[in-house]
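Data block below; observations after.
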Amino acid sequence: MQESPAILLSVIFLRKTNLKLFALGAAGYPLIEILWRRKTHWTMSLLGGVCCLSLGRFFNRFSYFSLFKKCVCGSLIITFAEFCCGCVVNIKMKRNVWNYANLRLNIKGQICLVYSFLWGLLCIPVNALTGLVIKHDKKELSPA
């Protein structure tokens, strides 16, 4: 069975775009963390990459959502990823990369309401940047 060129181009587009989105988050989030906390951990590159890729795909899939709705959903996505990562990296592996235990409304010191709100704000530029990456790659894919 022979694959059509359109399907192959589509697969190449997805791989290339996914790699760009992951790289954007893997480089961008640790940079934000260094500016905010003056330190970071290599696992934050992985978490940033996973979150940016997830958000880019989500924002593209639900492009008709309002920016507010995207920010709320994005905050939930990031908070969920942060909790999962925190349970593995901070609790199980005992790396103590972050600890929100001293902040109100936290769960196991891994997530808290204040940072969930900040993740929602971070979704504003992430929405724009991931949209540009996807739009650029789609433009590159379509014939002139």
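The values are calculated or read from the model by the stated rules, or taken from the named source; none is laboratory data. The structure displayed is predicted, hence computed values, not measured ones. Backbone-built Cβ (ideal geometry, glycine too); neighbour counts: all protein chains shown.
Among the conditions (1) at pLDDT 95 or above; (2) in contact with a Lys or Arg (Cβ under 8 Å, 6 or more places away or on another chain), Phe13 misses just one, which is (1).
If you go through segment 29-54 and pick out every residue that is over 18 Å from Leu132 (Cα atoms), hydrophobic (A, V, I, L, M, F, W, C) and in contact (Cβ under 8 Å) with a residue 40 or more places away in the chain, you end up with 2. Of all residues being aliphatic (A, V, I, L, M) and loosely packed, with under 15 Cβ neighbours inside 10 Å in segment 119-140, which is farthest from the chain's Cα centre (by Cα)? Just the residue, please. Of everything passing the filter in segment 119-140, Leu132 is farthest from the chain's Cα centre (by Cα).
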